[in-house]
Structures are given as structure tokens and as C-alpha cells.
Amino acid sequence: MASKGVKIGLTYIITVIVTLIVFGFIGNVFIEMLLGNTASEDTDADLLNQSGTYTPSADDSKTLLAIADLGTKSTDLVFMLIRFLPEETQGVFLSIPANTIAGETPDTLGSLYRTGSATAVKTALEYTLGLPVDKYIVLYESSFTTFCNLFVGPTYVVPYNLIYTDPVSSEQTVILAETMYLDGNTVSQLAAFPAYKQGEEERARIAGELLTTMLTSKLTTENSDLIESYFSTLINSTIVTDISRFDFEESYPALLYSAQHTDGFCRQIFPTLGMEADGNYSFDESFLSALPVWFNTEVR
């Protein structure tokens with residue numbers, strides 16, 4: 001059952017992503033800090049193959065639905081599928097517009113989430129994509145900002161001046177076309193900007209670019225002494241997830257392996273979409289056929 005403030009859920013997603021971007025010993029230190037004494041020497045011994053070295057298998061691959069709920073507007077939602085491939089020590093990030101139609105009873109992801117839950121979005125994506133989605137996590141504005149602040153440092157070039165006046169509050173948002181330093185507040189503002197020239201497709205693409213840019217920026221030894229304080233702040237944030245402690249402990253060996261062997265490579269893909277008469281999007285059949293290859297799953 002989903003629960004707010006479940007610390008182990010956020011530990012899981014942070015560990016998955018950090019292992020994708022941090023060079024060996026830094027990632028190893030980070031994971032060991034998260035787990036403490038969770039994995040015993042006996043457990044480690046059981047994980048070794050006949051050559052005496054643990055290696056992950058295809059069964060260790062996982063797909064996570066990550067949702068950022070940054071407010072009450074439809075443009076305050078960000079949807080992303082993260083495919084973790086420990087055999088290849090990499091992750092594939094798929095950002096999806098909130099007004100993309102999915103499900104056996106077709107509806108937009110945004111509507112499915114607002115009127116239902118993250119579980120409804122997960123079920124709809126599984127039906128339409130023809131691929132299993134293992135777990136989900138929802139980060140709200142505070143936890144999303146905290147998460148992004150773990151990876152401050154990279155810059156992003158805003159493509160053009162972003163200017164919007166809220167019709168209800170008359171509050172004006174102005175983001176100039178310039179190189180911006182990325183932190184949690186900046187990413188939230190750009191990811192939820194409601195008036196991109198190409199609509200929701202462009203917003204989803206930019207949100208994906210922002211997150212991938214931040215996550216692929218490598219941590220250094222200079223940052224390692226800050227990880228504990230970052231983590232302490234992060235686990236006090238509010239989330240909703242169906243990730244259990246068992247899920248986390250089951251994935252630990254693959255996460256540890258990735259931390260020790262990763263090349264820091266994260267790949268972003270964006271769906272090929274068709275425009276419906278009502279202005280919403282639908283997945284193109286060619287994309288649906290190609291996705292199992294990108295996610296390294298069985299063919300539909």
C-alpha cells in the first residue's frame with residue numbers, strides 16, 4: 001500500500017539514480033552509507049557466482065514510474081519512466097507529456113493521476129506500452145526540489161524568453177533566454193512552465209533534458225562529504241510510493257554492482273507522438289515497437 005513519507009522508497013530511487021551517475025568508489029560509499037549493515041557478509045557470499053564475482057542478470061532490470069507533482073495545474077505534472085539496466089550499468093530516461101493518452105479506457109496521464117492515482121497511471125502505461133512497470137514514486141514540490149538540489153552544478157541554456165501571466169492570480173513568470181545555473185527551484189520553474197511554444201510536448205522534452213543533465217553530472221570527491229547531509233534532508237521529504245523495504249534489499253546487489261562498474265552514462269529518449277483531434281497526444285506505433293529494444297525487454 002502506498003504511504004506518504006516512506007523513507008525507504010525515496011532511498012530506493014535516489015540509490016538507483018546515483019548508481020547510474022557516480023564513479024565506482026563514490027557510488028560504493030554512498031550505497032554503503034544508505035544501507036548501513038543491511039547486507040551482511042553471509043549475504044554477500046551468497047551473491048557470488050562460480051568465479052567468485054557477483055554479476056547482475058537481466059532479471060535485475062527494473063522500470064520505475066516517477067511523477068513530479070509540482071502544483072494544481074495540469075502543467076505542474078511531470079511523468080517519466082526510468083529503466084534501470086544493471087547488466088549494462090546504465091539507465092534509460094523516457095519523459096512523457098502529461099496530456100498523452102493511455103489505458104484500456106483511454107485518458108490522459110494527467111487526468112488519470114488527478115482523478116485516480118499513480119497506480120492508475122502505472123496500469124495505463126503498462127496496457128498501452130505493452131511492458132511491465134515495476135514500481136512508482138511520486139515527489140511533491142518540496143521533495144522534488146530537495147532531490148534536484150542533490151545534483152546542483154550543471155547549466156542549461158533556455159531556448160527563448162519564457163513569459164507567462166497567470167489569468168487568475170495575474171502573477172507573471174519571466175525566464176530570460178540565457179544560460180541558467182540548475183538547482184531545485186530553477187528546474188521546478190522550467191519543468192512546470194505552462195506556455196512553451198510547442199506546448200506539452202516541448203515541456204516534457206525540456207523537463208527530461210533538465211533532469212538528465214543534472215543526473216549525468218558526475219559527483220566528485222569534493223562532494224562526498226556533503227552526501228550524508230543531503231540524504232538526511234531528503235528522507236524527511238514527503239513522497240508516495242509502492243516501493244517496500246524488501247524491494248530495496250532485493251535490488252541492493254545490482255545497485256552495488258552498478259556503483260562499482262558504472263561509466264556514468266544515462267540515455268534520454270522521447271516518444272514519437274501523434275496529435276489527436278482534441279489536442280492530446282497518443283503514442284505512435286513505430287515508437288511502441290521500438291521501445292522494447294531501448295528498454296532491453298522482450299519484444300511486444
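Any read-out appearing in this document is the output of simple, stated calculations on the displayed coordinates, not a laboratory observation. Everything numeric in this text was worked out from a predicted model, so none of it was measured. Every residue, glycine among them, receives a Cβ derived from its backbone with ideal geometry; neighbour counts consider all protein chains shown.
P(r) for the stretch 58-204, please, calculated from all Cα pair distances in 5 Å bins and given in %.
Reading upward from the zero bin: 2, 9, 17, 20, 20, 15, 11, 5, 1, 1, 0.
Using the scaling law 2.2 N^0.38 Å as the reference, what is the normalised Cα Rg of the stretch 64-121?
That works out to 1.23 for the stretch 64-121.
Based on the Cβ-Cβ distance of Asp183 and Glu104, what FRET efficiency does E = 1/(1 + (r/R0)^6) give at R0 = 30 Å, to the nearest 0.05?
Result of the calculation: an efficiency of 0.15.
Can you tell me which of 131-143, 179-191 comes out highest on packing, and rank the rest after it, using the mean Cβ neighbours within 10 Å?
131-143, 179-191
With a 10 Å Cβ neighbour count serving as the proxy for reagent exposure, in which order, fewest first, do Ser57, Ser251, Ser74 appear?
Least crowded to most crowded, the residues run Ser57, Ser74, Ser251.
Efficiency by 1/(1 + (r/R0)^6): what FRET value for Gln198 and Tyr127, r their Cβ-Cβ distance, R0 = 30 Å, to the nearest 0.05?
E(calc), rounded to 0.05, equals 0.65.
Can you put Ile96, Ile82 in order of Cβ neighbours within 10 angstrom, beginning with the fewest?
The order, fewest Cβ neighbours first, is Ile82, Ile96.
State the extension gain, in nm to one decimal, for the chain segment bounded by Ile175 and Ala290, taking 0.36 nm per residue of separation less the distance between their alpha-carbons.
Residue separation times 0.36 nm, minus the Cα-Cα distance, leaves 37.8 nm.
Over all directions, how big on average is the projection of the convex hull of the alpha-carbon atoms in the stretch 147-221, in square nanometres?
5.2 nm²
Which FRET efficiency, nearest 0.05, do Thr115 and Glu250 yield, Cβ-Cβ r, R0 25 Å?
So, using R0 = 25 Å, E works out to roughly 0.15.
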